[in-house]
Every structure is written in C-alpha cells, then in structure tokens.
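Engineer: Pasting a structure below so you can have a look.
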Amino acid sequence: SILRQFPDGIDYAFGYGSMVLSQGNATSTTDDDPPPKINNNKSMIDVIFSVNDPQSWHEQNLRRHPKHYSLLSRAGGAGFVTWMQTNFGAKIFFHPYVDLDRKTTSTGSADDLGSNERNDDSYKMATSQLKYGIVGTTDLLRDLTHWDHLYLAGRMHKPIVSICQYSDEILEAQKINLQSAVCASLLLL
C-alpha cells in the first residue's frame, strides 16, 4: 500500500484520476471494444493525505523523503512548509513527480491503493510517479462543509477511492459536501 511508504499520522487518504479509477473508452462504439491502454511509464497516481498535525507530519516526511521537497522547502524545514501550506491557496501542499515503486498485476493494472498483499507471479514491480497533497484534517473538514476554497470539496464531488477508513467526522462532512453540491446544481436549473 502507498500509505506504508509515508509517516504515521494520516487521518484519511484518497486517490483520484485515471490511474486510480478505471476510465472507459470515450470513443468506443460497442461494449466489446477494450478500454484504452495506459502507458505505465508515464503514469501519475494522484493522492491526497489528510493529517491531524501538518507540521509534525512534514518533519517526519522530510526525514524520510527529503527529495520529495524542493531545495527551498528543505532549507526552510517543516515550519516553513506548514506556513506555506496553511497561509496560501487552498491549504494543501503538493509533492508532484515523486518516483514510486509499486506492484502491478501481469496485465499492468495498479495494485497501489489496496492493502491486500499477494506473493505470487501475477505481480511485478513497476516504477510510476506519484503526486501527493497534504492537507490538515481541520482544513479538509472546513472545505467540505463551508466550501472555503472549493478545491478539495470540488475534487470530492467527483469519484474518489478511499485508501483508508473515513472517520465519522469526515464521512459526515463528505455527506454535507455532496448534498450541498446537489442543492447548488438544482438551483442552477
């Protein structure tokens, strides 16, 4: 699982995008047409981690994965990264283009998000890239319930795959987020 490669303290994590969710072939004219092949050499897995204490999490992650951070972020340390995260934009700090070793099935589909381990010949190691974002859990909850930035709330209007269990608080906030999206769309009719 992707989560094992990162420090503890992740309250909730979800994946999104074409490497996480199977995308149908938009140009397919029949159900017999195969889905498009994904080039795993250039694939990027998109993940969001919600953490209770962003500064502590960044301190641990900087020790474990210093190359995931820019030179400026490494020089400034976890306090600087957390300041950037919480004071600018949608309160999320992204790490793009991170090389990731992952298990794939013999057909090339990713088995990154599941926690089931298999030790058979149907799996092989592949290198992919990961883009992961870190958000404070309180900031995630606020965006889901108040649409302060509508960045994460909007992302969660679309299909996502939960990597770890929702807390009851996040589950309730996501319900409010989706109900609000339906209400907003009905008002626009």
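Engineer: With every protein chain left in place and a probe of 1.4 Å, what is the accessible surface of Leu72, to the nearest 10 Å²?
Structural biologist: 120
Engineer: Then there is this: For the full complex of protein chains and a 1.4 angstrom probe, list Ser1, Ser22 by accessible area with the highest value first.
Structural biologist: If we order Ser1, Ser22 from most to least accessible, we get Ser22, Ser1.
Engineer: With a 1.4 Å probe and all protein chains in place, put Thr127, Thr86 in order of accessible area, largest first.
Structural biologist: So the residues, ranked largest to smallest area, are Thr127, Thr86.
The values are calculated or read from the model by the stated rules, or taken from the named source; none is laboratory data. Computed from a predicted model, the values in this text were never measured in an experiment. SASA here: full protein model, heavy atoms, side chains in, ligands and nucleic acids out. Shrake-Rupley method; radii C 1.70, N 1.55, O 1.52, S 1.80 Å.
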